[in-house]
1. Determine whether ALA121 is over 16 Å from the mean Cα position of the chain (by Cα), within 25 Å of ARG263 (Cα to Cα) and modelled with pLDDT of 95 or more.
2. Considering LEU56, LEU18, which residue is closer than 20 Å to LYS81 by Cα and without any contact (Cβ under 8 Å) to a residue 12 or more places away in the chain?
3. Name the single residue that is nearest to HIS27 (Cα to Cα) among those in the stretch 290-320 being in a loop (DSSP other than H, G, I, E, B) and not hydroxyl-bearing (Ser, Thr, Tyr).
4. Out of the stretch 200-255, which residues are under 18 Å from ALA134 (Cβ atoms) and touching a residue at least 12 places away in the same chain (Cβ under 8 Å)?
5. In this structure, does VAL328 turn out to be buried (at least 23 other Cβ atoms within 10 Å of the Cβ) and either under 28 Å from LYS160 (Cβ atoms) or not aromatic (Phe, Trp, Tyr) (or both)?
6. I need the full set of residues from the stretch 249-266 which are over 19 Å from the mean Cα position of the chain (by Cα) and of a type outside the set (S, T, N, Q), in order please.
7. If you scan the stretch 239-249, which residues turn out to be surrounded by fewer than 20 Cβ atoms within 10 Å (Cβ to Cβ) and either hydroxyl-bearing (Ser, Thr, Tyr) or part of a strand (DSSP E or B) (or both)?
Amino acid sequence: MTLNIWLNRTYATNYWFLQMLRNNPDHRRVRLFATHTDPTSPVLQAADVSFLEPQLVGDDYVDWVLEFCRMHAIDVLLPGKGIEEIAARHGEFDAAGVMVLASPAASIALLDDKCATYASATTLGLPVPPWRRARGADELEAAVLSLRGELETHEKICIKPLSGVGAEGFRLLSDDAMSLDDLLAPPAHRVRLDEVTAALRAADAEGRSVPAMMVMPYMSSPEISVDCLSTTFGELLAALPRAKSGRRRTFLDDTPRAVDIARQITEAYQLAYLSNTQLRWWRGELALLEVNTRPSGGLFAASLTGVNLPWAAVRLATGGDAGLLDPVLGASFVTVETLVPLPPEAATGTLHEPSLNVNPEPPAMLAAERSLVRPLS
């Protein structure tokens, strides 16, 4: 029996996520669905069936997702866009026979707010760096001044929106004048505080909504990203910590504290199926950076450990058994860019809704737009 699996609007590297589902170790037949608002998304090219999504938000979007599931007999939905709203209505999906791979809506909402995450983590006894919440120019100036009083002179401050994906909105505050070396270096996220406050005041004067910001120390140590698989009760079944330092990525086999923190997070918030906990070193100990209640963009690298986490999550949802999980850690790798050929209608921007792309026999390894794992010896 073919299993229908759908990834709605998601990021480009989930191209490889779909390949891992197709090449699952159980050799189960799957039909992979993908939808996106951007016709050039490589995820659409990796799927067996792909559609353009309508421009909807909130409950209207969830209504469309639910109807799509019914129309196409979707068995498993791994939501990207609208994950909180979809999780809040999981009962309707259950009634339609759809397994939604998502954590509880309350946990998604809490962990999507970086300041709320830190406040909650503190009550759990988890290490977090000092932080401030600020909205608008005046609060930002006060927050930066207050935080500087807790930091050493060499420690820098960064800002970012309370909610965001990747490095969107991240800026490193610096009052240093630009040097020639700075000018000739690759583009950086460095800005002066007065530039930020001027932008905020200008937006306020125009009547624009100004988002709240998180103000915190910049933790320059290599990031550790822990890809997690857990039950619907938050029981951690697998945790794959990988460190990022420059180009090099390494699956760590000597940092049990990273797994301990990830376990505490998944248990406390009952994170289900696939999630990701990000950590950095702060003053000699691992501290929480943020938590993603969705699979990370780099999850495809887990294939180097011998564990197919996407398929394990699907198995867990459909049969209650994740299968054999015996990862081999220690491998290092780099990622490189490559290509995803686009059909003419996508390349010219003439693809319209509804548009169907059916790949009855998709190749096992098409080219990808973003990243391809290359192990290092």
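The values are calculated or read from the model by the stated rules, or taken from the named source; none is laboratory data. The structure displayed is predicted, hence computed values, not measured ones. As a convention, Cβ positions derive from the backbone with ideal geometry for all residues, glycine included, and neighbour counts pool all protein chains shown.
1. Working: over 16 Å from the mean Cα position of the chain (by Cα): yes; within 25 Å of ARG263 (Cα to Cα): yes; modelled with pLDDT of 95 or more: yes.
Yes.
2. On the way: LEU18 fails: without any contact (Cβ under 8 Å) to a residue 12 or more places away in the chain.
Just one listed residue meets the conditions, LEU56.
3. Pass one, the stretch 290-320, residues in a loop (DSSP other than H, G, I, E, B): 293-298, 306-308, 320.
If we keep only those that are not hydroxyl-bearing (Ser, Thr, Tyr) too, we end up with 294-295, 297-298, 306-308, 320.
Numbers: ARG294: 25, PRO295: 22, GLY297: 24, GLY298: 23, GLY306: 16, VAL307: 15, ASN308: 12, GLY320: 18 Å.
My answer is ASN308.
4. LEU200, ARG201, ASP204, VAL210, PRO211, ALA212, MET213, MET214, VAL215, MET216, PRO217, TYR218 - these are the residues of the stretch 200-255 that are under 18 Å from ALA134 (Cβ atoms) and touching a residue at least 12 places away in the same chain (Cβ under 8 Å).
5. no
6. Hits for the stretch 249-266 are LEU252, ASP253, ASP254, PRO256, ARG257, ASP260.
7. Here is the first cut: in the stretch 239-249, the ones surrounded by fewer than 20 Cβ atoms within 10 Å (Cβ to Cβ) are 243-248.
Once the filter is applied, which keeps residues that are surrounded by fewer than 20 Cβ atoms within 10 Å (Cβ to Cβ) and either hydroxyl-bearing (Ser, Thr, Tyr) or part of a strand (DSSP E or B) (or both), the stretch 239-249 yields ALA243, LYS244, SER245, ARG248.
Residue-wise test of (1) modelled with pLDDT of 95 or more; (2) in a helix (DSSP H, G or I).
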site: TRP6; (1), (2): yes, no
site: TRP16; (1), (2): no, yes
site: MET20; (1), (2): yes, yes
site: ASN24; (1), (2): yes, no
site: ARG31; (1), (2): yes, no
site: PRO39; (1), (2): no, no
site: GLN55; (1), (2): no, no
site: ASP59; (1), (2): yes, yes
site: ALA73; (1), (2): yes, no
